[in-house]
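Taking it in order: structure first as structure tokens, then the write-up.
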Amino acid sequence: MRPVLLTWNAARVRAAEEPLLAAGAPLMAHAAFALHVAVARELRARRGRVAGAVVVVLAGAGNNGGDALHAGALLARRGARVLALTTAQRWHDEGAAALLAAGGRLRALVPDAVDDDAAQVLAADVVLDGVLGIGARGGLRGPVARLVEAVAAARPDGDSPLVVAVDVPSGIGVDDGTRAGTVLDADLTVTFGGAKPGLVLPPAAWAAGRVEVVDLGLALAGPADVASLGPDDVAALWPVPERAAHKYARGVVGVVAGTRTYPGAAVLASSGAALAGVGMVRYVGDAGDAVLAARPEVVVGPGRVQAWVLGPGVSPDDAAQRRRVQRAFDGVLHRGEAAVVDAGALDLLPERVGPHVVLTPHAGELARLLAQHGVDVERTAVEAEPLRWAREAHDRTGATVLLKGGTTVVVGAHGAVYAQSDGPTWLATAGAGDVLAGVLGALLAARVDDVHEDPSLAAALAAAAALVHGRAAHRAVPDGPIVALAVAHAVPATVAELLRATGTLAR
Ligand SMILES: NC(=O)C1=CN([C@@H]2O[C@H](COP(=O)(O)OP(=O)(O)OC[C@H]3O[C@@H](n4cnc5c(N)ncnc54)[C@H](OP(=O)(O)O)[C@@H]3O)[C@@H](O)[C@H]2O)[C@@H](O)CC1
Ligand SMILES: [K+]
């Protein structure tokens, strides 16, 4: 199964390249060779052979263009018909010479015939996007921006040509995952030395397609800038009970959610917690009858807990619920109980908390939370720069922040950042967040002592909950519409599969 994908920002990749380049290591030759191998493999899979394939290389002025031109040269040597379109006044001389020597062609993009060039791109079997790499400052500009717009508009979803991004899709925010202007959405990104944050962070990550990392032997030391957990990591983080464990040792989750009139959130959050494998779930609120009807193992009424799930279906205008949430926050602040703070409870968050508190807002809720802290930002701005604003919320509140979206971004203590894209798009449905809150509550309850020892663990657990939640949705209904309770019901089998695949249960 896929292990964690670690990513490193452009400056760190450059710093790691420096000593190797100084020692004369042929990094570009390595990169281009690996790129051509990946492209040849895709071509063989699609059309049986490389010879005769039509390849268009979009080549910018820098080394990213150099990688693409050298790879084009290697493909030309294997019989591909390669045309390089240069997108700037300059291009990589050696790469261009190699391509021409191998029988490829090279010419500049024609600024007033962009549509003709776009047609040529669309007729190719594969396009190598080597306009901009980690040297990009801002998005695509000029004729190549217009070319990419024309290609994007005409390219039916997932259809030809196959687009392979060289290192990164050109023009993404390599370090912050932003998308300034048009980007050519790739089917595959072949990235060099180490993955870059923009390949996992939304919204740029959605342009990357599948990501393959080419090992260049760089010494990328220290914690990654952004990580994306794989199933193996989640199995290692999951609290598997020891033989001697009793229910209290396995953790008790307290749920403050839902109302008598709207009990759904209470049922979903309690189900998420119970089905993730916690020792016990306590429900505190007015929807106890509905919760018990759905989950008879839940205990209704107050008592000792290790972690709270606060807020799904809670209205801050409801005085009784407000009191319950505030009482729970007392336990969070004075007894070190962990908490997941969602929806209605976000409005009741104390000014300053620790990273054992995990906020789970979507973009609109994050904007509202930041407004309470004097930061004026629109929901759309949060969606355009999720990492930036999740980090702002972490800095302002002290909490670990899990920002929900098509890709979930988590920011926690000691610079921990995760980006998870595990769920289907169908998962954006009412109540799915309540289930996620419950699952995360279960993880925090079982591992609250470890979280106090290493506060950055809360972020890893939040990322793990997002992964399990996303995979549970896939398992519940592969490729189709889904309801939240079905996601909760798929959690046990999803966890079992992860643990089995890594041999965790056999210990
Ligand atoms: N170091 C190595 O040996 C290895 C590096 N590798 C490869 O090198 C890549 C990095 O190469 P790089 O540093 O040359 O930068 P790159 O991304 O090609 O672009 C810079 C050029 O684009 C220009 N430009 C910038 N923004 C622009 C914009 N918005 N619109 C238009 N133009 C813009 C910029 O102009 P300038 O800033 O100079 O005015 C400059 O001319 C890296 O991603 C990987 O693929 C691998 O081969 C492994 C070994
Ligand atoms: K590129």
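Placing unit charges on the Cβ atoms only, positive for Lys and Arg and negative for Asp and Glu, gives the range 5-225 a dipole magnitude near 500 debye about its Cα centre. Ordered by the count of other Cβ atoms within 10 Å of each Cβ, fewest first, His356, His474, His469, His373 give His373, His474, His356, His469. Placing a pseudo-label 7 Å from each Cα along the Cα-to-Cβ vector at Ala221 and Arg352 gives an inter-label distance of 3.4 nm.
Just want the answer: with Cβ charges of +1 for Lys and Arg and -1 for Asp and Glu, which residue in Gly264, Ser228, Val214 is farthest toward the dipole's positive end in the range 210-285? The one lying farthest along the dipole's positive direction is Gly264. Charge dipole of the chain (Cα centre as origin; +1 on each Lys and Arg Cβ, -1 on each Asp and Glu Cβ, all else neutral): 860 debye, rounded to the nearest 20.
Each part reduced to its alpha carbon centroid, the range 178-213 and the range 101-131 end up 21 Å apart. Extension gain for His489-Ala22 works out to 162.5 nm (0.36 nm per residue, less the C-alpha to C-alpha distance). Packing, as the average of other Cβ atoms within 10 Å across residues, places the peptides 226-236, 211-221, 16-26 in the order 226-236, 211-221, 16-26, highest first. Membrane-span-like helices in the chain (whole DSSP H runs, Cα extent of at least 27 Å along the helix axis, mean Kyte-Doolittle hydropathy of at least 0.0): 27-47, 432-453, 457-476.
At a Förster distance of 30 Å, what's the computed FRET efficiency of Asp289 paired with Ala236, Cβ-Cβ distance as r, to 0.05? Working from the Cβ atoms, E equals 0.15.
Measuring r between the beta carbons of Arg107 and Thr425 and using R0 = 35 Å, the FRET efficiency lands at 0.30. Model label sites at Ala371 and Asp450, defined 7 Å from Cα along the beta-carbon direction, differ in position by 3.8 nm. Each of the peptides 268-280, 118-130 was scored by the mean count of other Cβ atoms within 10 Å over its residues; in descending order, highest first, they stand as 268-280, 118-130. Across the chain, the relative contact order, built from alpha-carbon pairs under 8 Å that are at least six residues apart, equals 13 percent. Taking the average, over residues, of other Cβ atoms within 10 Å as the packing measure, peptides 194-200, 312-318 rank 194-200, 312-318 from highest down. In this simple spin-label model, placing a label point 7 Å from the Cα along the Cα-to-Cβ direction at both Arg49 and Phe33 gives a separation of 2.5 nm.
When Phe33, Phe192 are sorted by how many other C-beta atoms sit within 10 angstrom of their C-beta, beginning with the fewest, the order is Phe33, Phe192.
Computed from the Kirkwood radius of its Cα pairs, the Stokes-Einstein diffusion coefficient for the chain at 10 °C and 1.306 mPa s stands at 66 µm²/s. For His246 and Glu497, what does the FRET efficiency come to when R0 = 25 Å and r is the distance between their Cβ atoms, rounded to the nearest 0.05? After rounding, the FRET efficiency stands at 0.40.
Since every read-out is calculated from the coordinates, none of them should be taken as a lab result. Keep in mind it's a predicted model, so treat the numbers as computed, not measured. Cβ sites come from the backbone with ideal geometry, for glycine too, and all protein chains shown count toward neighbours.
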